[in-house]
1. Report Rg (one decimal) and Dmax (nearest whole number) for the range 87-163, counting Cα atoms only, units Å.
2. Binning at 10 angstrom from zero up to the longest distance, how are the C-alpha pair distances of the chain distributed in percent?
3. Given a Förster radius of 41 Å and the C-beta distance between residue 40 and residue 74 as r, what FRET efficiency does 1/(1 + (r/R0)^6) yield to the nearest 0.05?
4. Could you state the number of Å between the C-alpha centres of the range 18-39 and the range 110-189?
5. If R₀ is 22 angstrom, what is the calculated FRET efficiency for the pair residue 173 and residue 112, using the beta carbon separation as r and rounding to 0.05?
6. Pairing the Cα long axis of helix 49-58 with the longest principal axis of the chain, what angle in degrees results, from 0 to 90 and rounded to the nearest 10?
7. Within 10 Å of each residue's Cβ, count the other Cβ atoms and sort 41, 172 from fewest upward.
8. So what's the angle, to the nearest 10 degrees on a 0 to 90 scale, between helix 153-183 and the longest Cα principal axis of the chain?
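None of the figures in this text is laboratory data; all of them are computed from the coordinates on show. As the structure is a computational prediction, the values presented were derived from the model and not from experiment. For neighbour counting, all protein chains shown are included, and Cβ atoms are generated from backbone atoms with ideal geometry for every residue, glycine included.
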C-alpha cells in the first residue's frame, strides 16, 4: 500500500491527514500517532516523521514557520496548504475505493510447506496461534482504552477492523492446522 498516487505515499498521507485537523509541531505529530495507536495500521516510524514533513513541504502540500516560545528555542509549526487539503481529499477517496493486494511472509511458508514434516508445520502454526492470541488481546486492550477516551467512531473502527482481520487469520490458521494434520507428513526433501 505504499504508493497510492504519483504524488503522495501512505506515510505522507498519514502525516498530511493529521495536519488537516490543525497546524502541528513535528513532536506533536509523533504524540498523536502514539495516542491514536496509528502504528497498528500504518507504517510510520518516529524517525521518518521529519523526512515526511520535508517531502510534503517540497511538494507544497504544507508550509512551515518558526514559532518563538518564551524562554525556549523556536519550533517549526507545520500547516496544510489548499493544495495539500485537496490532495488529501483525493487520497481519502482513492483509499476508500481501492483494494491493494496483501502479501505476507506466512504465505511463503505455506507455499513451501512440503519442505518440513507435517508435525513441525503444526507446531509452527500453533506457535502462530499463540502470537495471534497475544496480538488480539493487545489490540482489544487498546480498543478499550480508546473507547474510554471517547475517541471518534472512525478511530475505533480502525481497531475493530484490525481485530476482524486477526480473528479471521486465527480461525483460518486453526482450520489449516486440521488440513495439515489430515494430510500428514508429505515432505519433498
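1. Expressed in Å, the Cα Rg and Dmax of the range 87-163 come to 18.0, 51.
2. Bins of 10 Å from zero give 8, 27, 27, 20, 12, 5, 1, 0 percent of pairs.
3. The calculated FRET efficiency here is 0.75.
4. Spelled out, the Cα-based centre of one part sits 29 Å from the other.
5. FRET efficiency, residue 173 to residue 112: 0.85.
6. Tilt relative to the chain: about 60 degrees.
7. 172, 41
8. It is inclined by approximately 20 degrees.
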